[in-house]
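Undergrad: I have a structure I would like to understand better, so I am pasting it below and will then ask my questions one at a time.
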Amino acid sequence: MYPFALDPAAPADAPAPAQAHSARLTATRPVRLGPAAAGRCRRRVHLDSDPGADRGARAPMDDGFRLRLAEGDAHRSRVLSVLAASFGPGDTHWRPTDPERPAVLFAPALSSLTRVGNPDVLLWAGDGYLPVLIRGHRTTDPGAGALTSSVAAPLQMAADPVRRARVHQADALALAHHHRLLTELGLASARAIGGVIGRGFGDTGTMDPTVDEPRRSDDQTILWHQLDLPEGSVLADYDGRFADRLAVAAAAVNGQPALALPSKIGECRRCSWWPLCHAELSAAHDISLLTAGSDAEVLLAAGVRTIDDLAAMPKTVVAALPLTSIDRGTARVRARAWLAGIPLVRKVAAVAVPRADLELDVDMESYLEDGAYLWGAYLTGPGVARLGLRSGYSSFVSWRQLPAADEARAFAEFWAYLTMLRTTAAEHGLTFAAYCYSRTAEERWLRSTPRRYPTVPGMPMVEEINRFCSSDQWVDIYQQLKNQFVIPGSMRLKALAPLAGFGWRDAEPGGENSMAWYRSAVGVDGASVDPQTFHLMSERILQYNEDDVLATLALRRWMTDSAGTVPTVAELDAD
């Protein structure tokens with residue numbers, strides 16, 4: 001926004017501990033890494049740096065990721081505009097003349113021998129600059145103790161009585177990177193501290209139902225990370241990580257043997273290099289395809305490098321391994337199922353799913369941290385006709401740009417419908433059950449919406465929500481599957497519903513994509529929306545949501561009617 005380039009050769013008053021080591025690594029061809037590198041997959045750092053890597057094999061950016069980038073850019077622009085209005089367009093002098101008004105630099109381009117960075121804001125702290133980043137996620141949760149300040153008075157830091165810090169390792173490592181970079185350039189404050197301005201509701205989230213803006217939100221607050229605390233130094237962690245990633249990148253740049261080989265981790269799901277790594281891992285039957293990182297290390301230490309190795313390991317040896325992410329008693333079964341292409345293995349003799357006279361499959365659509373705008377429900381069950389109810393899909397939706405009090409109106413209508421069904425069933429001596437797939441997402445907004453909009457007509461008390469969520473009327477099909485099956489691959493609904501013969505009507509179904517459709521439908525950030533676009537996108541969202549609840553319905557019916565044909569653990573675990 002206000003680029004301020006610094007001389008890469010600027011003197012460093014206090015070199016980082018890894019600087020001398022870094023200089024040796026870059027003696028052949030210089031390598032500079034950005035703030036994301038320290039927290040990034042080592043193999044990704046290698047591939048990003050390798051001039052011979054096949055960039056044509058990378059996955060294209062999907063709509064969901066493109067949406068998050070666009071949202072992040074829009075959020076950053078809004079926050080920078082607020083700061084510019086408060087402090088002016090940024091001071092071009094290194095020393096402020098007015099001590100009551102700290103100098104601000106917006107988006108300076110920084111570079112040293114081994115590091116590059118583009119912090120969103122630099123704040124003058126009297127003896128140097130503090131880096132501040134702007135992020136598109138929540139930075140705090142309800143609680144107490146977070147070190148915060150307001151955006152309007154950024155250097156007036158204090159322990160917050162209503163917020164606790166939400167852990168974001170990537171934010172802390174990026175701040176450590178910029179602190180080291182500023183130190184190398186002789187521009188850092190002696191205080192090892194950096195701030196993050198987030199997005200969303202970080203406190204109790206209370207909203208005024210007559211106003212569409214939150215009373216308090218993370219974009220009005222700077223969360224300060226202390227980077228060198230004795231009980232846990234982010235800087236020490238960063239220094240080790242950065243030195244390692246610099247060595248990985250330098251080896252790749254200079255054509256030396258790779259210091260990082262592929263291994264599946266959580267980051268793979270969003271990495272453009274995943275198709276390349278997945279092909280290599282699949283061809284090798286690599287054990288990381290089956291287990292989480294910590295368990296993969298345990299298995300590698302035991303000499304297990306491939307899924308075939310695990311499948312052939314004696315049962316008693318597997319049972320003695322200190323595995324945490326998977327049950328050691330079924331680890332060998334998972335390996336054998338993967339090799340045989342079996343997506344599910346029964347743990348139980350007979351699969352049982354709670355059923356009821358009135359059955360309601362539920363799915364919610366939310367938009368980033370802003371709220372839940374759609375609650376979809378599909379009513380079935382033998383009691384529907386008896387009570388004269390209408391079966392099928394019902395939607396409770398707000399097409400107002402979030403956050404908006406209208407989302408509370410939609411939620412209250414959904415809750416009234418759910419309550420009516422529960423009450424009607426009880427009055428007629430019938431049973432009721434509501435089903436979801438992985439309850440965490442639904443319960444986040446089930447519990448938070450009443451706290452954010454407590455005075456909206458029809459809004460239930462939080463205690464009422466809690467009682468429902470803890471009752472046997474709220475059934476998580478994800479958990480039912482996890483309890484009764486060994487699943488060697490993905491447990492995503494999109495991966496398992498096809499087992500029941502179900503397919504989505506949309507060619508690109510997915511929660512990330514649905515957020516892009518929502519953005520187009522409502523015109524986020526004031527973008528104009530023509531009636532045809534709104535009609536197409538809103539219908540696409542409603543159809544996708546209906547298919548999600550139908551997928552849950554199909555899967556639980558399959559569990560009741562057809563899961564008995566699935567191989568059992570005993571069958572696959574036989575020697």
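Undergrad: Under 6 Å between Cβ atoms, which residue pairs at least 6 apart in sequence (or on different chains) link something in the stretch 179-198 that is under 18 Å from residue 111 (Cβ atoms) with a partner that is in a helix (DSSP H, G or I) and modelled with pLDDT of 95 or more?
TA: Close Cβ pairs (under 6 Å, with a partner that is in a helix (DSSP H, G or I) and modelled with pLDDT of 95 or more) amount to 188/179; 188/182.
Undergrad: OK, next. Only one residue in 447, 467 is in contact with a helix residue (DSSP H, G or I) (Cβ under 6 Å, 6 or more places away or on another chain), open to solvent by 40 Å² or more (accessible area, probe 1.4 Å), under 30 Å from residue 491 (Cα atoms) and free of Cβ contacts under 8 Å to residues at least 24 places away in the same chain. Which one?
TA: Details: 467 fails: in contact with a helix residue (DSSP H, G or I) (Cβ under 6 Å, 6 or more places away or on another chain).
Matching residue, one of 447, 467: 447.
Undergrad: Against the conditions (1) open to solvent by 60 Å² or more (accessible area, probe 1.4 Å); (2) touching a residue at least 12 places away in the same chain (Cβ under 8 Å), where does residue 273 fall short? Just the number, please.
TA: (1)
Undergrad: If you don't mind, there's one more thing I want to ask. Based on what the data block shows, is residue 508 among the charged types (D, E, K, R), over 23 Å from residue 360 (Cβ atoms) and either part of a loop (DSSP other than H, G, I, E, B) or touching a Cys at 6+ places or on another chain (Cβ under 7 Å) (or both)?
TA: yes
Undergrad: Looking at the stretch 335-353, which of its residues are in contact with a strand residue (DSSP E or B) (Cβ under 6 Å, 6 or more places away or on another chain) and not in a loop (DSSP other than H, G, I, E, B)?
TA: Matches in the stretch 335-353: 337, 345, 346.
Undergrad: Take residue 244 and tell me if it is part of a helix (DSSP H, G or I), open to solvent by 20 Å² or more (accessible area, probe 1.4 Å) and modelled with pLDDT of 95 or more. Even if it seems obvious, please write down each step before you answer.
TA: On the way: part of a helix (DSSP H, G or I): yes; open to solvent by 20 Å² or more (accessible area, probe 1.4 Å): yes; modelled with pLDDT of 95 or more: yes.
Yes; evaluated as a whole, the condition is true for this residue.
Undergrad: Out of all the residues in the stretch 531-551, is one or more under 21 Å from residue 364 (Cα atoms), modelled with pLDDT under 95, assigned to a helix (DSSP H, G or I) and in contact with a Gly (Cβ under 7 Å, 6 or more places away or on another chain)?
TA: no
Undergrad: So, one more: So, of the residues in the stretch 393-421 that are in a helix (DSSP H, G or I) and among the aliphatic types (A, V, I, L, M), which turns out to be surrounded by the fewest Cβ atoms within 10 Å (Cβ to Cβ)? Before you say what the answer is, go through the steps one by one.
TA: Keep residues of the stretch 393-421 that are in a helix (DSSP H, G or I), which gives 406-421.
From what is left, the residues that are among the aliphatic types (A, V, I, L, M) are 408, 410, 412, 416, 418, 420-421.
Numbers: 408: 25, 410: 22, 412: 19, 416: 15, 418: 20, 420: 11, 421: 24.
Here the residue is 420.
Undergrad: Still on this structure, please answer the following. Which count do you get for residues in the stretch 269-312 that are part of a loop (DSSP other than H, G, I, E, B), within 24 Å of the chain's Cα centre (by Cα) and more than 18 Å from residue 487 (Cβ to Cβ)? It would help to see each step written out before you state the result.
TA: If we filter the stretch 269-312 for residues that are part of a loop (DSSP other than H, G, I, E, B), which is where we start, we get 271-273, 285, 290-292, 302-305.
With the extra rule that they be within 24 Å of the chain's Cα centre (by Cα), the set shrinks to 271-273, 290-292.
Then keep just the ones that are more than 18 Å from residue 487 (Cβ to Cβ); that gives 271-273.
Residues flagged as part of a loop (DSSP other than H, G, I, E, B), within 24 Å of the chain's Cα centre (by Cα) and more than 18 Å from residue 487 (Cβ to Cβ) within the stretch 269-312 amount to 3.
Undergrad: Shifting gears a bit: Based on this model, can you work out whether residue 33 counts as at pLDDT 85 or above, open to solvent by less than 70 Å² (accessible area, probe 1.4 Å) and not charged (D, E, K, R)?
TA: Numbers: at pLDDT 85 or above: yes; open to solvent by less than 70 Å² (accessible area, probe 1.4 Å): yes; not charged (D, E, K, R): yes.
Yes: the conditions hold for residue 33.
Undergrad: Please go through the stretch 438-468 and pick out each residue that is under 27 Å from the mean Cα position of the chain (by Cα) and over 19 Å from residue 374 (Cα atoms).
TA: First, pick out the residues of the stretch 438-468 that are under 27 Å from the mean Cα position of the chain (by Cα): 438-453, 462, 465-466, 468.
Selection gives 462, 466, 468.
Undergrad: For residue 120, are the conditions met, namely being touching a helix residue (DSSP H, G or I) at 6+ places or on another chain (Cβ under 9 Å), within 22 Å of residue 369 (Cα to Cα), of a type outside the set (A, V, I, L, M) and at pLDDT 85 or above? Explain how you work it out, then say what you get.
TA: Details: touching a helix residue (DSSP H, G or I) at 6+ places or on another chain (Cβ under 9 Å): yes; within 22 Å of residue 369 (Cα to Cα): yes; of a type outside the set (A, V, I, L, M): yes; at pLDDT 85 or above: yes.
Taking the combined requirement at face value, the residue satisfies it.
Undergrad: Conditions first: (1) outside any helix (DSSP H, G or I); (2) open to solvent by less than 20 Å² (accessible area, probe 1.4 Å); (3) not acidic (Asp, Glu). Residue 332 passes all but one, so which condition is the exception?
TA: The single condition residue 332 does not satisfy is (1).
Undergrad: Suppose we keep only residues that are in a helix (DSSP H, G or I) and open to solvent by 70 Å² or more (accessible area, probe 1.4 Å) within the stretch 450-464. Which one would you say is nearest to residue 405 (Cα to Cα)?
TA: Keep residues of the stretch 450-464 that are in a helix (DSSP H, G or I), which gives 450-452, 462-464.
Still in the list and also open to solvent by 70 Å² or more (accessible area, probe 1.4 Å): 451, 463.
Details: 451: 12, 463: 21 Å.
This residue is 451.
Undergrad: Would you check which residues across the stretch 366-383 are open to solvent by 10 Å² or more (accessible area, probe 1.4 Å) and either at pLDDT 95 or above or in contact with a His (Cβ under 9 Å, 6 or more places away or on another chain) (or both) and list them?
TA: Matches in the stretch 366-383: 368, 369, 378, 380, 381, 382.
Undergrad: For the stretch 256-268, name all the residues that are in contact (Cβ under 8 Å) with a residue 60 or more places away in the chain and either assigned to a loop (DSSP other than H, G, I, E, B) or buried (at least 17 other Cβ atoms within 10 Å of the Cβ) (or both).
TA: Just the residues of the stretch 256-268 that are in contact (Cβ under 8 Å) with a residue 60 or more places away in the chain, to begin with: 258-263, 265, 267-268.
Matches in the stretch 256-268: 258, 259, 260, 261, 262, 263, 265, 268.
The values are calculated or read from the model by the stated rules, or taken from the named source; none is laboratory data. Predicted model, so just to flag it, every value in this text is computed and none were measured. Glycine also receives a Cβ, built like all others from the backbone with ideal geometry; neighbour counts cover every protein chain displayed. Just the protein is used for accessible areas: all its heavy atoms, side chains included, with ligands, DNA and RNA removed. Shrake-Rupley method; radii C 1.70, N 1.55, O 1.52, S 1.80 Å.
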